[in-house]
């Protein structure tokens, strides 16, 4: 790369990352998967929008020189390979085995039926699906079947966590099924890619299948054993956590080279290495986190944004194709999963929820589509239709499951805070004054009378004082007519006596008001606050927050990282 | 990149990382900087060794196709840019200001004198230094002066931490001086690069200087202010820690694009952005750590290893040049720093220590040398001589300072453990039996009589019991004739009464023996163990270690990560 290519290289990467992450955060704010925003960033900066509106600027930002293009390709290729490793690490092999028969049955039907839909459609409607592609219709049909049968593990896992269903029986079944789908889907796809060389000719299918299965079996048995044996001495005798990090990344890269050499794609190598690595009981949460954070927030957004750079979605938009793909994908997947779920004994409602959950396609299918596009297997129109299908099914899965199961996203403490209810220096010197002062800050939001609320809180206080020690008090009450929890936070310089077991006065006071009937909710919030302030240092840190924003940042990050350190 | 280039791409990156980190760890084991091992990995895998011994394998591993070369270049270029950002984050701006005049005086002399040595040598001995280079002798002289005047901040910081001198007055002075040297050196170098375009012609020096100074001033004032204002809302309202991570990396990349566009190198942009970013008081330790760990252990080794791929050090080895560069570098730097240190009031011994500390060149000068080589400013012979000089001065700095100041590397707890002195299931049921059992495990290593040592420990025990609660006891004694501390660790299934304040029996027993005269040492070790076992969970985790390796891993990682979470 020469001087001007290097400038463009850094500018393009910086800009893609910035816009991708901003739109990703925006998507999350509207309870949508962040991958949506990241893809959109590429569409905006790429030929579809910026290229159409301001071709000059677009050409300057993304010069079509070989050095620049190869440079960006190298970084995004590395990025997606590492992202698949992180996705592999998240797979819980033992959970799959525990769920046993049920998940295999649901997997089977959940794949076979959409596969049949996809395969059949491509065979029946060649002019719609094959289009200008030079590849054999049969291969495209197999590809479409495979693409429709995959479920997005990261997306569905995220939805289940949001719905507080991840650890439920239903949740574990869905995860197990998604993992099996993922692995089988990738193997199928690897075979498709392996049967084409660059010229589009087919080489021995059996060799590719044998090598793929051989690699998978070896890494999940011998590889897993070796990794499990190496991790303890690595953690004991090398720099922590650098030794394990380098081992993981170099192992993933070498596995990528191996699968690429076999003729299936590099990302199957990193994914399988990730599964084997993540399964070791010696792997520390911290190692997992460093890999996850850096890769998911830097490399993955760069990759997803770069997709939009490669195709002009306006030019290649085909409404019929988009709708047909969306329809067969959804009907096939929901139907297949629903039937199988009923068979293994789930209720109608649960089966429907599983069906819509499995329907989320998310990131994996986009990667797969891009590889197929680059290999010349599918054309741009089908690629655009697959991307749209992946996004719509992912977006629909959460709301659909929520509606079917009647469960809502679990809000965190930060969702109940507001800047008016933060009193960094309280005037009160006694318990009743303090409570009144905090209630006054919340009362306007409740529409209730200040006196009434104060009295309810004091009632509670009289039955048993809420000073929990460590200079913290958590007065609270359930209030008639309240529709959502509210929290006020006050700091007292001199301390207020809340009759704590350790005899100390409270400097940090959380007032928690919850709706009358939500006893469980109240307990949860109180437990959360207790966990947040589990040590003297945590209390001290909180008391040093000078603004509401600083306080919210502290609570936001403490909530997320708790239990992160082993 | 086509299929075979992609295979080579992943294989090369995986192999470089693996070998670089293995040799890096090996170097650390011998108390040498890990960059030495990382560079050596490139030399071994590159043209110097593998290329000479097995040209076929070398050509297969590193094919000379444009796609592969650009791909590797993209990843290592990104790597070094991000590494410089991390180095910038470590800079403590306020420490520089606090040390004020003294550090400026030492910086000045510590740069001017070696600059004069380097500049003078190149002007007086053109046939040695200029060689076959087509560039103006004056530019080479300025470059050599600059190269000799830079101090390696990361290396010297690491040495000071190892010697337990980082927070001392002397340590802070050295750090402050190194930071100033770094910044001034980079500015000088940027100007040199800016005055050459690719053809070797000079463009307006003043424009480059003005832009460079303008950029530096802007990012350290306006930029710093903006970063400081953005961080709190970013931490409060975006995914934690993803929001801050993406902001940091995209900001660094955009700064890189800007400086590259100005005509100075991209890495000055990321470095300066890092300084501004790291200075924000809102930056959390955890963000810093994720960036540091991933970049220092993945990207930096890849970059340093890739250097060895680019030059055949055997072919370009010039003994005279190597020795001359080493000599003028060391004499100039030590002399300049020593004189200045004496001037501002340090003792002879301290001044000499500062001199040798400042002499460490480490990673920065290697990067600088590589850029100069790529820009055609210097030839391969001088590049090899500069690399050797950087390594030798870095290697010498630690031992020299240690010898001068009489301080030793501070060992951690793990250095006092040995596998024979770990008793996962003790037989003892009473305090004296337990102590005797642990002493028996250590006695062979001390050469002392078991009875004598047991009695010393029991004597101590009788004055005040060492059960510290939380099911832990730390019996200990200072022993005549012992030369180094020794620790034995035992687990008791049923618990042994050590008369703890919380009334619980001890299940985890650390026996600590230290040399007779090292009272301070003993206190330190006891405090370390107390910190290690600061919570019930920490004790529980330790008790679950089944093997010595697992136990050592736990202590190793706990020691390193303590205080890491805010």
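Residues in the stretch A:36-47 that are away from chain B (no Cβ under 13 Å) and closer than 17 Å to residue A:398 by Cα: A:36 alone.
Selection of the stretch A:429-488 for residues being assigned to a loop (DSSP other than H, G, I, E, B) and surrounded by fewer than 19 Cβ atoms within 10 Å (Cβ to Cβ) yields A:429, A:430, A:447, A:448, A:449, A:464, A:465, A:480, A:481, A:483, A:484. Residue under question is residue B:290, and the condition is that it be touching a residue at least 40 places away in the same chain (Cβ under 8 Å), within 9 Å of chain A (Cβ to nearest Cβ), within 30 Å of residue B:51 (Cα to Cα) and part of a helix (DSSP H, G or I); does it hold? Here the answer is no, as residue B:290 does not meet what is asked.
From the list B:283, B:254, the one residue that fits, being facing chain A (nearest Cβ under 8 Å), surrounded by fewer than 24 Cβ atoms within 10 Å (Cβ to Cβ) and either touching a residue at least 60 places away in the same chain (Cβ under 8 Å) or closer than 23 Å to residue A:20 by Cβ (or both), is B:254.
Does residue A:26 qualify as being within 24 Å of the chain's Cα centre (by Cα) and in contact (Cβ under 8 Å) with a residue 40 or more places away in the chain? For residue A:26, the condition - within 24 Å of the chain's Cα centre (by Cα) and in contact (Cβ under 8 Å) with a residue 40 or more places away in the chain - is not met. When you scan the stretch A:408-415, do you find a residue that is exposed (fewer than 15 other Cβ atoms within 10 Å of the Cβ), at pLDDT 85 or above, in contact with a helix residue (DSSP H, G or I) (Cβ under 7 Å, 6 or more places away or on another chain) and assigned to a loop (DSSP other than H, G, I, E, B), even just one? The answer is no, given that none of the residues of the stretch A:408-415 is exposed (fewer than 15 other Cβ atoms within 10 Å of the Cβ), at pLDDT 85 or above, in contact with a helix residue (DSSP H, G or I) (Cβ under 7 Å, 6 or more places away or on another chain) and assigned to a loop (DSSP other than H, G, I, E, B).
Evaluated against (1) more than 14 Å from every other protein chain (Cβ to nearest Cβ); (2) modelled with pLDDT of 85 or more; (3) assigned to a helix (DSSP H, G or I), residue B:539 falls short on exactly one condition, (1).
Could you tell me whether residue B:105 is in a helix (DSSP H, G or I) and more than 13 Å from chain A (Cβ to nearest Cβ)? Yes: the conditions hold for residue B:105. Residues being more than 8 Å from chain A (Cβ to nearest Cβ), part of a helix (DSSP H, G or I) and modelled with pLDDT under 90 are entirely absent from the stretch B:63-77.
Consider the stretch A:48-61 and keep the residues that are in a helix (DSSP H, G or I) and surrounded by 17 or more Cβ atoms within 10 Å (Cβ to Cβ). The one that is farthest from the other protein chains (Cβ to nearest Cβ) is A:51.
For the stretch B:224-233, state whether one or more residues are in contact (Cβ under 8 Å) with a residue 24 or more places away in the chain, crowded, with 20+ Cβ neighbours inside 10 Å, within 11 Å of chain A (Cβ to nearest Cβ) and not in a helix (DSSP H, G or I). No, the stretch B:224-233 has no match at all. Within the stretch A:11-25, the residues that satisfy the criterion of being closer than 18 Å to residue B:260 by Cα and either surrounded by fewer than 24 Cβ atoms within 10 Å (Cβ to Cβ) or within 8 Å of chain B (Cβ to nearest Cβ) (or both) are A:11, A:13, A:14, A:15.
Within the stretch A:510-531, how many residues turn out to be in contact with a helix residue (DSSP H, G or I) (Cβ under 6 Å, 6 or more places away or on another chain) and under 20 Å from residue A:471 (Cα atoms)?
Of all residues in the stretch A:510-531, those in contact with a helix residue (DSSP H, G or I) (Cβ under 6 Å, 6 or more places away or on another chain) come to A:510-512, A:514, A:528.
Right, trim to under 20 Å from residue A:471 (Cα atoms) and you get A:510-512, A:528.
Count: 4.
Looking across the stretch B:62-110, the residues that are surrounded by fewer than 24 Cβ atoms within 10 Å (Cβ to Cβ), without any contact (Cβ under 8 Å) to a residue 60 or more places away in the chain and within 29 Å of residue B:224 (Cα to Cα) come down to B:97, B:100. Which condition from (1) in contact with a helix residue (DSSP H, G or I) (Cβ under 6 Å, 6 or more places away or on another chain); (2) more than 9 Å from chain A (Cβ to nearest Cβ); (3) crowded, with 20+ Cβ neighbours inside 10 Å is the one that residue B:301 breaks? Unmet condition: (2). Check the stretch A:212-221 and report whether any residue there is out of contact with any strand residue (DSSP E or B) (no Cβ under 9 Å at 6 or more places or on another chain), closer than 20 Å to residue B:25 by Cα and surrounded by 19 or more Cβ atoms within 10 Å (Cβ to Cβ). Scanning the stretch A:212-221 turns up no residue that is out of contact with any strand residue (DSSP E or B) (no Cβ under 9 Å at 6 or more places or on another chain), closer than 20 Å to residue B:25 by Cα and surrounded by 19 or more Cβ atoms within 10 Å (Cβ to Cβ). Just one of (1) at pLDDT 85 or above; (2) more than 16 Å from residue B:422 (Cβ to Cβ) fails for residue B:490. It is (2).
If you go through the stretch A:266-277 and keep only what is more than 9 Å from chain B (Cβ to nearest Cβ) and at pLDDT below 90, you end up with A:267, A:268, A:271, A:272, A:275.
The values are calculated or read from the model by the stated rules, or taken from the named source; none is laboratory data. The structure presented is a predicted model; accordingly, all values stated were derived computationally and were not measured. No Cβ is skipped: glycine too gets one built from the backbone with ideal geometry, and neighbour counts run over all protein chains shown.
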